[in-house]
Every structure is written in C-alpha cells, then in structure tokens.
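Novice: Have a look at the structure that comes next, please.
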Amino acid sequence: MIPEEKEQQLRAYLRTLTSAVVAYSGGVDSTYLLSVAHEVLGDAVEAITAVSLSLARREQEEAVEQARRIGVRHRLIQKAMR
C-alpha cells in the first residue's frame with residue numbers, strides 16, 4: 001500500500017470519530033497524527049503530553065510550540081513521582 005492510500009485510510013477512520021485525544025510526544029509520528037486529526041476533526045481533538053523526568057525540558061517546549069502552531073488544544077500532565 002502506498003503512503004497516500006494509508007493516509008486516506010487514516011482520514012476515513014478519523015471521520016468515524018466524534019472526538020479524539022492524541023498522546024503527543026512532539027515527535028514526528030505523533031505530530032503527524034495530531035496534524036491530520038486536527039484537519040479532520042478540528043476543535044474536537046486534544047493533545048496530551050505526559051511530563052516526567054524522561055522528557056527533556058527542550059522537548060516539552062518544542063511539543064508545546066508545535067501544538068500551538070497546529071492550532072490544537074494541548075495539555076501537559078505531570079507524572080507523579082513515587
């Protein structure tokens with residue numbers, strides 16, 4: 001299957017949803033998914049990023065900025081330390 005067909009399948013699936021939450025790391029894969037989901041579902045999409053010691057501060061800042069550029073709501077969730 002060619003990439004264009006895969007994207008069309010993704011868009012078709014997203015159109016079956018009324019809303020979505022994307023686990024958003026700010027990496028290439030989750031940014032792509034978030035962008036396409038926002039194109040299809042608009043404001044019914046929200047990005048969630050888990051903040052922990054494994055997420056570098058710079059990566060967190062980049063995720064926040066990229067979500068802002070896409071125009072999607074974005075929440076940072078603090079990982080509880082035990």
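The values are calculated or read from the model by the stated rules, or taken from the named source; none is laboratory data. Please read these numbers as outputs of a predicted model, since none were measured by experiment. No Cβ is skipped: glycine too gets one built from the backbone with ideal geometry, and neighbour counts run over all protein chains shown.
Novice: Any chance region 26-49 includes a residue that's surrounded by fewer than 18 Cβ atoms within 10 Å (Cβ to Cβ), over 14 Å from the mean Cα position of the chain (by Cα), at negative phi and free of Cβ contacts under 8 Å to residues at least 40 places away in the same chain?
Specialist: So far as region 26-49 goes, no, none of its residues is surrounded by fewer than 18 Cβ atoms within 10 Å (Cβ to Cβ), over 14 Å from the mean Cα position of the chain (by Cα), at negative phi and free of Cβ contacts under 8 Å to residues at least 40 places away in the same chain.
Novice: Among the residues of region 53-74, write down those that are assigned to a loop (DSSP other than H, G, I, E, B), of a type in the set (A, V, I, L, M, F, W, C) and at pLDDT 95 or above.
Specialist: Listed by number, the list holds a single entry, 72.
Novice: Can I ask one more? Which condition number in (1) farther than 18 Å from residue 17 by Cβ; (2) of a type in the set (A, V, I, L, M, F, W, C); (3) out of contact with any helix residue (DSSP H, G or I) (no Cβ under 7 Å at 6 or more places or on another chain) is the one that residue 51 fails?
Specialist: (3)
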